[in-house]
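This report concerns only the one structure given below.
The values are calculated or read from the model by the stated rules, or taken from the named source; none is laboratory data. Being a predicted model, the structure only gives us computed values, none of them experimental. All Cβ positions, glycine included, derive from the backbone under ideal geometry; neighbour counts span all protein chains shown. Please note that ligands, DNA and RNA were not included when accessible areas were found on the heavy atoms of the full protein model with its side chains. Shrake-Rupley method; radii C 1.70, N 1.55, O 1.52, S 1.80 Å.
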There are 4 protein chains.
Amino acid sequence: MKNNVILLLHCPDQPGILAEVTNFITVNKGNIVYLDQHVDHVENIFFMRIEWELKDFTIPRDKIGEYFETLYARKYQMEFHLYFSDIPPRMAIFVSRMSHCLYDLLARYTAGEWNVTIPLIVSNHSDLANVAERFGIPYHVFPITKDSKKEQEEKEMKLLKDNNIDFIVLARYMQVISENMIQHYPNNIINIHHSFLPAFVGAKPYHAAFARGVKIVGATGHYVTTELDAGPIIEQDVVRVTHKDTVEDLINKGKDLEKIVLSRAVQKHIEHKVLTYKNKTVIFS
Amino acid sequence: MKNNVILLLHCPDQPGILAEVTNFITVNKGNIVYLDQHVDHVENIFFMRIEWELKDFTIPRDKIGEYFETLYARKYQMEFHLYFSDIPPRMAIFVSRMSHCLYDLLARYTAGEWNVTIPLIVSNHSDLANVAERFGIPYHVFPITKDSKKEQEEKEMKLLKDNNIDFIVLARYMQVISENMIQHYPNNIINIHHSFLPAFVGAKPYHAAFARGVKIVGATGHYVTTELDAGPIIEQDVVRVTHKDTVEDLINKGKDLEKIVLSRAVQKHIEHKVLTYKNKTVIFS
Amino acid sequence: MKNNVILLLHCPDQPGILAEVTNFITVNKGNIVYLDQHVDHVENIFFMRIEWELKDFTIPRDKIGEYFETLYARKYQMEFHLYFSDIPPRMAIFVSRMSHCLYDLLARYTAGEWNVTIPLIVSNHSDLANVAERFGIPYHVFPITKDSKKEQEEKEMKLLKDNNIDFIVLARYMQVISENMIQHYPNNIINIHHSFLPAFVGAKPYHAAFARGVKIVGATGHYVTTELDAGPIIEQDVVRVTHKDTVEDLINKGKDLEKIVLSRAVQKHIEHKVLTYKNKTVIFS
Amino acid sequence: MKNNVILLLHCPDQPGILAEVTNFITVNKGNIVYLDQHVDHVENIFFMRIEWELKDFTIPRDKIGEYFETLYARKYQMEFHLYFSDIPPRMAIFVSRMSHCLYDLLARYTAGEWNVTIPLIVSNHSDLANVAERFGIPYHVFPITKDSKKEQEEKEMKLLKDNNIDFIVLARYMQVISENMIQHYPNNIINIHHSFLPAFVGAKPYHAAFARGVKIVGATGHYVTTELDAGPIIEQDVVRVTHKDTVEDLINKGKDLEKIVLSRAVQKHIEHKVLTYKNKTVIFS
């Protein structure tokens, strides 16, 4: 794999930004291999993801951020992030008792589909320890009760910090993440909710979908915010159901959706193709 | 077209119903051309749609209901409806100012796709009178204000009654139907709601979908009940959207969905393939 | 509607093109309202669609093409097209006997959804004359036999020329367009084929789909080239079918697909969002 | 799990079959828990799947087949199969080098989603031995060259026979199965083809799809017959692609489709919900 620089930015829209940024890279001998941009004409915000080869780029790797800040970010009031493709993000998986999402994530990881490192799995139950063991990934159990929640989450956060975790994937983790942990990982906790949000927020969405008699069920991959199931949506998909489907059928059909939707959301995040703005996402191609 | 009898029924499930009913038709020389059934094992209800040729059937057409009532319906506590395919149902269309659903319904009607009669169109605005005129269908305008609503609805109901209307299609009709009219047409008023219900109930669902940042929008064809947008769902479908779509884009993409979903729901109703039970539908194949 | 300039171009990819073009527009006081670009890294081709407001642009409208040619197109070996949003393209519809696509196109046109002019409809049959009449559009019948085809097509082409037709939409037109006419409208004849191409090329695709027992059928909007059903694909969509669907059911389900897919393809063409290269399309967002 | 009898049958359609069969089960005190039927009015064939509880059924388990044969099958020229839900079918998986389908099958199996036994995995390569080992399933390698094919297949068939294998799942197995093996497992070898059949039969379908410029790619689960990629289709699904997708993107998007479509097809087979007739399938609900 080539070593590339990935620049994600957004700022108030004004003429010339795109021309200046691409020119900056080009004149410094960066070969641009990816460019996608978006203008939100309602909010008047310019969003951009640009990627170029580090090879031959005349600005030293550890100076790029400083130069970009000085030359452009201040001028245009940009928020920006720089990533290097040779530094894979570090991902923790949180699970409870259902294995389908976990298997799907680990199968992709093991097959080398993603540029990511998964140093550990966290669970509030021991049930899936054997799955983790099969894939050779450390599995940490933190049983959670109402009383122990705060304390256990602090231990979890220490573990995450010690392992330099960049982002967390809740793979059908059946605990609400507390505000404190969410604030440590803003837009870096990805959850899969087993409904087509905003329909059926909260617990037991398949039961609610069955009771309502919907003809389609869905799943939603989103960032976790302090309001339950209300964070920025990264990906959604649906599957058709009929009056013949029982609640159990919905749950089973939903499992396939959940794992695919979660994996698509995780992949976009790993590829640094998600920009979040005002509780909505820009998903680059 | 052959002249067929269509029998729709539901009753508490018990052994032998299917065998008895099919046997009843067969021994009386009815050639069964369609049979679909469903058992709801949660509610323990048996649902069935069966259709046979009237030709050669030994029971006279106007006696079938009586015989069936006497022989089976009482015994099994059935609710049933009989329809004859040579009596097309009579449908009224209600519209306001948007034409896309109206055109879609009338194009199908004019092309002879449906076994239905459309004697009239009702509107609270005169805007679409020219569309009705193009298709040669009487267009009745009943302007509605808060004060005139009750009175105008009564005139509408008289018109419907005078024209022997069986069911009403709200083709983006932007007035809430009052309880009185709903009770005159139970499970016979079909509405298209421009969202994936139960998400975005009420007014301006595309604006709400845009604000929430969903990645998919939908449309829902349902029977109107006294609770707004909460009646039995007949059909739903969805279309993918992205961060690039403005509210106007959602509205435009949604129009295609709305007309297709409404027409599918109307078609199922015309074909007597919808059975409603406890605010949910059984949709026969 | 604002008056905008739309520039579509493609050329061999090299550094700096995007920066130069956006800079050219910006320094000449054009407010860019749309930009989408794509690099085909296999063929090494750069594709771009850019749109800006004509208001305040310092280069006179009738000189933009010349300046762009001199300053950039020669340097970068570009092929480019300029369009102005106040000059709607002129579209002819060709039909035979089926009305569903025609109604869908005309309903959108009449509702003002598209920035297009439809001066005429051509048919090899008189069946749909009444539809055209309803919408007040001249309907020209050119009956075609094996012997008369060449002669009739020449008359059609004269009619198209006299009416300054820019592009043709084959709305289930059941005649093969001859090579001569195709060459007069390269990438300007849009056909709807009633299958998921390249499956089921040619006549009676629904019969073929039924015989093969597929579980999904599709429709394809594509540009017509001299090889039958093999031109650049603009849009495709599908719908699920089952063993219960007869050939007639496939045809009916397919009709909805055909009209939606054709209309989506036509809309992309009207918006100048399709670039064709080597028998494939780039579809701008 | 309750112990049920599952009866699959088809025969020339005539009046009374459904009534007789359901009556036979009911009078012998079988509680019917599932019934789905279909009449192919073109071929005039009646298809049926019926399932009832063995508990309380008055005919001994090992006599049901004989009684049914004598009383009904001969009379109506039925072909029928009886299955008992306490005897899970025995499934062999064939793989080559790609792991995504294998992981998906084994994750479901391990999680107890399916009523099936998987005694062994066969491969022509050793690459995925470690996956099999993780799940504790014997992995047998039979390297295949042009010269050794016949001999190796015979060894494979002996292994299958020794393990009482009922059906084979080709989970991206990159060898053509020879006629001899196919004839030993008629309608019992399920393949996943990585295209929307009948488009792109044969090798490298994603490359062909890319070259054709399609806007949607698909996957097809089907029974293997002696004609390549032409057997009865069990399940298909599709995913949207754009001009931005490279061949590698198509391959990656396709992987998700392949595993889901294959698993759906396998599940229908395990549940005895597939009836094959004249190279087409009836898929019961």
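All but one of (1) part of a helix (DSSP H, G or I); (2) within 14 Å of another protein chain (Cβ to nearest Cβ) hold for C:Tyr67; which doesn't?
(2)
Across the range B:9-21, which residue is nearest to the other protein chains (Cβ to nearest Cβ) among those that are out of contact with any Ser or Thr (no Cβ under 8 Å at 6 or more places or on another chain) and open to solvent by 10 Å² or more (accessible area, probe 1.4 Å)?
Taking the candidates together, the pick is B:Glu20.
I'm trying to understand the selection: among the residues of the range C:231-247, which are open to solvent by 10 Å² or more (accessible area, probe 1.4 Å), touching a strand residue (DSSP E or B) at 6+ places or on another chain (Cβ under 8 Å), within 9 Å of another protein chain (Cβ to nearest Cβ) and aliphatic (A, V, I, L, M)?
C:Val238
Within the range C:104-122, which residues are assigned to a helix (DSSP H, G or I), open to solvent by 10 Å² or more (accessible area, probe 1.4 Å) and among the hydrophobic types (A, V, I, L, M, F, W, C)?
C:Ala107
What number goes with the only condition from (1) free of Cβ contacts under 8 Å to residues at least 60 places away in the same chain; (2) more than 11 Å from chain D (Cβ to nearest Cβ); (3) open to solvent by 10 Å² or more (accessible area, probe 1.4 Å) that C:Leu250 does not pass?
Failed condition: (3).
Considering every residue within the range C:232-239, establish whether at least one is within 24 Å of B:Thr242 (Cβ to Cβ) and more than 19 Å from the chain's Cα centre (by Cα).
Yes, that holds for at least one residue.
Could you check, for the range B:69-79, whether at least one of its residues is of a type in the set (Lys, Arg) and either open to solvent by 10 Å² or more (accessible area, probe 1.4 Å) or over 30 Å from B:Ile17 (Cβ atoms) (or both)? Break it down into steps so the answer makes sense when it comes.
Filtering the range B:69-79 for residues of a type in the set (Lys, Arg) gives B:74-75.
Now narrow it down to the ones that are either open to solvent by 10 Å² or more (accessible area, probe 1.4 Å) or over 30 Å from B:Ile17 (Cβ atoms) (or both): B:74-75.
Yes, some residue in the range B:69-79 is of a type in the set (Lys, Arg) and either open to solvent by 10 Å² or more (accessible area, probe 1.4 Å) or over 30 Å from B:Ile17 (Cβ atoms) (or both).
Filtering the range D:189-230 down to residues that are touching a residue at least 40 places away in the same chain (Cβ under 8 Å) and among the aromatic types (Phe, Trp, Tyr), which residue is nearest to the other protein chains (Cβ to nearest Cβ)?
D:Phe196
What are the pairs with Cβ atoms under 7 angstrom where one residue, in the range D:57-77, is farther than 19 Å from D:Pro12 by Cβ and assigned by TED's automatic domain parsing to the domain that holds D:Leu9 and the other, located anywhere, is part of a helix (DSSP H, G or I) and modelled with pLDDT of 95 or more? Sequence gap at least six, or different chains.
Listed by first residue and then by second, the contacts come to D:Ile59/D:Tyr67.
Across the range C:32-52, what is the total count of residues that are open to solvent by less than 30 Å² (accessible area, probe 1.4 Å) and either part of a helix (DSSP H, G or I) or not acidic (Asp, Glu) (or both)?
10
Has the range A:84-99 got at least one residue that is without any contact (Cβ under 8 Å) to a residue 12 or more places away in the chain and surrounded by 15 or more Cβ atoms within 10 Å (Cβ to Cβ)?
Taking every residue of the range A:84-99 in turn, none turns out to be without any contact (Cβ under 8 Å) to a residue 12 or more places away in the chain and surrounded by 15 or more Cβ atoms within 10 Å (Cβ to Cβ).
Taking the range D:253-285 as the region of interest, how many residues are over 16 Å from the mean Cα position of the chain (by Cα) and surrounded by 19 or more Cβ atoms within 10 Å (Cβ to Cβ)?
4
Find the residue count for the range A:67-87, including only residues that are out of contact with any strand residue (DSSP E or B) (no Cβ under 9 Å at 6 or more places or on another chain) and hydrophobic (A, V, I, L, M, F, W, C).
The total comes to 2.
Search the range D:104-120 for residues that are in contact (Cβ under 8 Å) with a residue 60 or more places away in the chain and pair each with any residue that is surrounded by fewer than 18 Cβ atoms within 10 Å (Cβ to Cβ) and part of a strand (DSSP E or B) when their beta-carbon atoms are under 8 Å apart and the residues are at least 6 apart or on different chains.
If the second residue must be surrounded by fewer than 18 Cβ atoms within 10 Å (Cβ to Cβ) and part of a strand (DSSP E or B), the pairs left are D:Val116/D:Arg90.
Determine which member of the set D:Lys55, D:Lys75, D:Lys29 is more than 19 Å from the chain's Cα centre (by Cα), assigned to a helix (DSSP H, G or I), more than 14 Å from chain A (Cβ to nearest Cβ) and among the charged types (D, E, K, R). First the steps, then the outcome.
Working: D:Lys55 fails: assigned to a helix (DSSP H, G or I); D:Lys29 fails: assigned to a helix (DSSP H, G or I).
Result of the check over D:Lys55, D:Lys75, D:Lys29: D:Lys75.
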